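I have placed the structure first, in the form of structure tokens, so that the comments after it can refer back to it.
The values are calculated or read from the model by the stated rules, or taken from the named source; none is laboratory data. Keep in mind it's a predicted model, so treat the numbers as computed, not measured. Positions of Cβ are backbone-derived with ideal geometry, glycine not excepted, and every protein chain shown enters the neighbour counts. Protein only, heavy atoms only, side chains kept; ligands, DNA and RNA dropped before computing areas. Shrake-Rupley method; radii C 1.70, N 1.55, O 1.52, S 1.80 Å.
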Amino acid sequence: MNESITRAAGAAHGEEFPPAELEQLIRDAGRSPWQRTTLYEAAPQERHDAGMRAAPLEDYVNTPVRRAAGAKKGGVIAREAH
């Protein structure tokens with residue numbers, strides 16, 4: 001339901017869907033949604049129900065990367081010789 005690697009890399013897009021919206025998207029595609037366990041068995045109904053009660057997704061925050069002291073644009077951090 002939450003793909004965050006793209007956003008963590010600095011992109012403004014990614015894929016986040018609340019559980020009910022994800023299930024509707026699956027139904028709209030003509031498929032039947034079902035939650036499964038790590039053994040690919042049908043998950044118990046209480047697990048499905050708990051997922052549907054998940055807290056709403058929060059807005060993402062992309063904090064700009066700051067350069068380290070001594071770093072050159074597009075390059076490696078220069079270190080002083082001792």
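For the stretch 18-43: of the residues being modelled with pLDDT of 90 or more and of a type in the set (A, V, I, L, M, F, W, C), which is surrounded by the fewest Cβ atoms within 10 Å (Cβ to Cβ)? Ranking the qualifying residues of the stretch 18-43, first place goes to LEU39. So, ARG31, is that one of a type in the set (Lys, Arg), touching a strand residue (DSSP E or B) at 6+ places or on another chain (Cβ under 7 Å) and free of Cβ contacts under 8 Å to residues at least 40 places away in the same chain or not? Against the criterion (of a type in the set (Lys, Arg), touching a strand residue (DSSP E or B) at 6+ places or on another chain (Cβ under 7 Å) and free of Cβ contacts under 8 Å to residues at least 40 places away in the same chain), ARG31 does not qualify. Quick one: in the stretch 45-82, of everything that is of a type in the set (Gly, Ala, Ser) and at pLDDT 75 or above, which residue is most open to solvent (accessible area, probe 1.4 Å)? Filtering first and then ranking leaves ALA55.
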